[in-house]
Structures are given as structure tokens and as C-alpha cells.
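The values are calculated or read from the model by the stated rules, or taken from the named source; none is laboratory data. It should be emphasised that the depicted structure is a prediction, and the values quoted were computed from it without experimental measurement. Neighbour counts run over all protein chains shown; Cβ positions are idealised from the backbone, glycine included.
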Amino acid sequence: MTKIIKISERNINFGKIKEAAKEIKKGRLVIFPTETVYGIGANAFDPKACREIFRVKKRAADNPLIVHISGFKQLDDVAYVNEETVNKLKKLWPGPITFVLKKKKVPDVVTAGLDTVAVRMPNNKIALALISESGTPIAAPSANISTFPSSTEAKHALADFNGKVSVIIDGGKSEFGIESTVIDISRKPYRLLRPGAFDVADISKIMGKIIIPKNINRPIKKGKPLSPGMKYRHYSPRKPLFLFNDINNMKKAYKFLLRKKVKFTVISPIEYSRYFKKTKTINLGSIKESKSISRNLFSAFRKLDEIDAEFGLISKIRLKSFDLAVRNRMEKAAGENQIKDMKSFFEAFDYYKDKY
Ligand code: TXA
Ligand code: MG
């Protein structure tokens, strides 16, 4: 049985936090809100509980978890960091940034046997209270079945994990809706491993130079990936999603598809929805507000799977913040269906045509 506990970040009920923390202490799984996405957590020092996360998420054992902490004392328990770096981290944490550091005695199951550990202090009062009340760092990946979109609302997590976790804390809609930025500072030069809810340029102002690998948004086919998470399919709806480089090509494809009478949907910012009036659209919010786009992205992918449509169209957009991160989620979610021009659209359409 999964118990849903509703807690408001503005008015935290510590009795309810205690109830959830008790489950963590008993070695059970608790899904909790963070400012990025929901996490599925267990006591980071309990290998058995952490193995259970991998099992219910169907996650590959070589993809390590992020360890969430509520204070700097816990940082000292999980990683080796010098004072100078700690002082910099204090300027960025709590926040949507994960740092990969040299690990201390964190169980191998959490770090997939690496000599490093990913650590984050989330900026969400419910998450921080849960970690502190549990008295231990909490290992938590995003609360979704592997390869599918992350959960940005408790109902998403319930759809994926009902009966498989002890508690889901419902803390409302995630503030950012995309995952944290992951940066490896365990060695120089510092390197971006995953773009996320904190722009790299702003992190560089505190941490110094950070290298952005050219292929950060592409799955690595050959060689060793910098981060295990890079090699897997990610964030994808179950239905095909066609990602257009150019909105004009998406308009052409839309007109073509209307003539074909197939059932499809368009995922679009409000500014573009007037081009697609004759079909169902899933609203992403306004381009002028980067956060509204990032907040709505994963629930839009989930909606595509729920509604009566065979596939979805989406186009790249330029955003003031999280531009790289939002593009990264779109590109990974679309997988092979990257529509560079009309030729690649017709190829993709032909490929799926018989399946409708
Ligand atoms: O916003 C977030 O980061 C959310 C919330 C719950 O905190 N968590 C999250 O976790 O997105 P997950 O497991 O879905 O993604 C963690 C990423 C993966 O790409 C993983 O490969 C990478 O971090 N990672 C973890 N430990 C690592 C390590 N020691 N070295 C390199 N990459 C690591
Ligand atoms: Mg994830």
C-alpha cells in the first residue's frame, strides 16, 4: 500500500514529515518533492533499500544515484571536499545543482561502483525537512520508470509507483520541472554532465571555468560516456514525438497531417498555438517565461500518452533561461525523430505510417 501524504511547503506539518521519515529509517522508499522534479528516495547508507530503488524504477545498475543532503555536516559524511570549495558551494546550495565529488563511504550500489558521488542540497523545505528528520542523506533519482518522463506532480509518481513505495509526499507542482544541473568537480577541468535548472554561466561565476562538452545533448554511441546517465534513452513519452528544428516546417507538417486525417497532437507554447487551431494542442505556457515552459514540459509528454492521439509534434524554442536544458530534454525525448527538414519529416512519417 502506498500512502499519500499532502504537505504544503508554505506551512509544513512536521508530524507528517516525521511519519515519512520513519519509513526512510525503516529502509522503505519515500517519494518526495524537490524544486526540480520528484525524487524516489531511500536511506543512502542502506544498500538494501537503495537496491530496491533500482528494482522498482527498472534502472540499470551502472547508473548511479544522487545523494541528497540537508546540511554541510552531511556533505562531510559522503564526500571529500576542501574548505575553499565548500565556501563556494555555500553560495549555490540549497539549489538545483548537483556536484560530482570524490566519495567517502557511500555504498557501491548508490554510486554504481564509481569512486565519485553525486551530491545535491535541494531548495525545497519539504525535502530538507524529510532529510533532516530521517537523520541520513537520502539517495534519490527522479521518480519515474527508467527512460520515461520525470514526475513533476505527485499524481505522475503515483501512476508509476502505486503499491511500490511506502509513501508519496504530495507537495504540489515542481517549481522548475526539469532536473538539476550536474557538474563534475571531482577533477579539473570542471565539466558539465547534464544541463539543468541552473544555467552553467551562473554557476561559473562562483565555481570558475566549466567545460560544456559539445555532444552534451547527444547520446554517445562510441567510447565511454562522461556520465553513465548520458548513454540511456531518457524522458521519452511512449508515443512518438517529432521534434522540429524549425517552426515553419512544423506548420507544413501540420497541414500535411490534417489532410492525412491521422490523430495527432501539437505541444506548443501559447504564442504558437494559433497556427495549430484545427487539432488538439498541449499548452506549454509562454516563451516569455522560461520557467513556465520548463515546468510544463514533462507533464506535456505524459499528456501525449494519455490523450487520443497517435503521436505528437513539438518544435525547438529559444529561451532566456534553461535554454540548453530544455533543448536537451526535448532532443532526448524525441530520440531518433529529430526533424531537420521536410525530407526527414516524410521519412519519419513513412516509418510510422503503417503503425497507425
Ligand atoms: O533534479 C534532480 O537532479 C533530481 C532530483 C530528484 O534531485 N534527480 C535526478 O536524478 O534527476 P537522476 O538519477 O534521474 O539523475 C542523476 C544523474 C544521472 O544522469 C547519473 O548518471 C548522474 O546524475 N550521476 C550520478 N552519480 C554520478 C557520478 N558519480 N558520476 C557521474 N554522473 C553521475
Ligand atoms: Mg532521471
Practice item. Take Glu331 and decide whether it is closer than 16 Å to Ser150 by Cα, more than 16 Å from ligand 2 (Cβ to nearest atom) and out of contact with any helix residue (DSSP H, G or I) (no Cβ under 9 Å at 6 or more places or on another chain). Key: no
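On the given criteria, is Val165 among the aliphatic types (A, V, I, L, M), out of contact with any Phe, Trp or Tyr (no Cβ under 9 Å at 6 or more places or on another chain) and near ligand 1 (Cβ under 9 Å from one of its atoms)?
Details: among the aliphatic types (A, V, I, L, M): yes; out of contact with any Phe, Trp or Tyr (no Cβ under 9 Å at 6 or more places or on another chain): yes; near ligand 1 (Cβ under 9 Å from one of its atoms): no.
When the stated conditions are applied, Val165 does not pass them.
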Practice item. Search segment 151-174 for residues that are in contact (Cβ under 8 Å) with a residue 60 or more places away in the chain and farther than 10 Å from Phe32 by Cα and pair each with any residue that is part of a helix (DSSP H, G or I) and among the aromatic types (Phe, Trp, Tyr) when their beta-carbon atoms are under 8 Å apart and the residues are at least 6 apart or on different chains. Key: Ser151/Phe298; Thr152/Phe298; His156/Phe298
**Study point:** Of all residues in segment 35-66 being among the basic types (Lys, Arg) and within 15 Å of ligand 2 (Cβ to nearest atom), the one that is surrounded by the fewest Cβ atoms within 10 Å (Cβ to Cβ)
**Key:** Lys58
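Would you pick out the residues in segment 6-34 that are of a type in the set (Val, Ile, Thr) and either within 16 Å of ligand 2 (Cβ to nearest atom) or more than 11 Å from Val165 (Cα to Cα) (or both)? Lay out the reasoning, then the answer.
Going through segment 6-34, the residues of a type in the set (Val, Ile, Thr) turn out to be 7, 12, 17, 24, 30-31, 34.
Ile7, Ile12, Ile17, Ile31, Thr34 - these are the residues of segment 6-34 that are of a type in the set (Val, Ile, Thr) and either within 16 Å of ligand 2 (Cβ to nearest atom) or more than 11 Å from Val165 (Cα to Cα) (or both).
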**Study point:** Criterion: near ligand 1 (Cβ under 9 Å from one of its atoms) and touching a residue at least 40 places away in the same chain (Cβ under 8 Å) - qualifying residue of Leu101, Leu75, Leu92, Leu29
**Key:** Leu101
Review point. Any idea how many residues of segment 154-170 are in a loop (DSSP other than H, G, I, E, B), in contact with a strand residue (DSSP E or B) (Cβ under 8 Å, 6 or more places away or on another chain) and surrounded by fewer than 24 Cβ atoms within 10 Å (Cβ to Cβ)?
Key: 1
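I need the full set of residues from segment 177-193 which are within 16 Å of ligand 2 (Cβ to nearest atom), assigned to a strand (DSSP E or B) and buried (at least 24 other Cβ atoms within 10 Å of the Cβ), in order please.
Here is the first cut: in segment 177-193, the ones within 16 Å of ligand 2 (Cβ to nearest atom) are 177-182, 193.
Subsequent filtering for residues that are assigned to a strand (DSSP E or B) retains 181-182, 193.
The one that is within 16 Å of ligand 2 (Cβ to nearest atom), assigned to a strand (DSSP E or B) and buried (at least 24 other Cβ atoms within 10 Å of the Cβ): Thr181.
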Study note, to complete from the structure: If you go through Leu304, Leu319, the only one that is out of contact with any helix residue (DSSP H, G or I) (no Cβ under 6 Å at 6 or more places or on another chain) and either under 20 Å from Leu258 (Cβ atoms) or modelled with pLDDT of 95 or more (or both) is Leu304
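Residues that are basic (Lys, Arg), at least 2 per element: which helices (runs of 4 or more DSSP H) completely within segment 50-144 meet that? Step through it out loud before you land on a result.
Numbers: elements: 72-78, 83-92, 108-111, 125-134.
Qualifying helices (runs of 4 or more DSSP H): 83-92.
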Check your understanding: Is one or more of the residues making up segment 336-351 of a type outside the set (Val, Ile, Thr), at pLDDT below 95, surrounded by 18 or more Cβ atoms within 10 Å (Cβ to Cβ) and closer than 16 Å to Pro237 by Cβ?
Key -> yes
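Identify, please: which residue in segment 10-34 is assigned to a loop (DSSP other than H, G, I, E, B) and touching a Gly at 6+ places or on another chain (Cβ under 8 Å) and is, among those, surrounded by the fewest Cβ atoms within 10 Å (Cβ to Cβ)?
Leu29
Among Leu114, Leu89, which is within 17 Å of Asp202 (Cβ to Cβ) and either out of contact with any Leu (no Cβ under 7 Å at 6 or more places or on another chain) or more than 16 Å from ligand 2 (Cβ to nearest atom) (or both)? Step through it out loud before you land on a result.
On the way: Leu114 fails: within 17 Å of Asp202 (Cβ to Cβ).
Every option except Leu89 fails the conditions.
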Practice item. Scan segment 27-46 for residues that are within 18 Å of Lys16 (Cα to Cα) and either at pLDDT below 95 or within 19 Å of the chain's Cα centre (by Cα) (or both) and report the count. Key: 11
Check your understanding: Going through segment 46-71 one residue at a time, which ones are touching a residue at least 40 places away in the same chain (Cβ under 8 Å) and among the hydrophobic types (A, V, I, L, M, F, W, C)?
Key -> Cys50, Ile53, Phe54, Val56, Ala60, Ala61, Leu65, Ile66, Val67, Ile69
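Does Val106 satisfy the condition of being touching a strand residue (DSSP E or B) at 6+ places or on another chain (Cβ under 7 Å) and under 27 Å from Ala333 (Cα atoms)?
Values: touching a strand residue (DSSP E or B) at 6+ places or on another chain (Cβ under 7 Å): yes; under 27 Å from Ala333 (Cα atoms): no.
Here the answer is no, as Val106 does not meet what is asked.
Matching residues to (1) within 16 Å of ligand 2 (Cβ to nearest atom); (2) under 12 Å from the mean Cα position of the chain (by Cα); (3) not hydroxyl-bearing (Ser, Thr, Tyr):
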{"residue": "Ala118", "(1), (2), (3)": "yes, no, yes"}
{"residue": "Ile126", "(1), (2), (3)": "no, no, yes"}
{"residue": "Leu130", "(1), (2), (3)": "no, no, yes"}
{"residue": "Ile145", "(1), (2), (3)": "yes, yes, yes"}
{"residue": "Pro149", "(1), (2), (3)": "yes, yes, yes"}
{"residue": "His156", "(1), (2), (3)": "yes, no, yes"}
{"residue": "Phe161", "(1), (2), (3)": "yes, no, yes"}
{"residue": "Lys173", "(1), (2), (3)": "no, no, yes"}
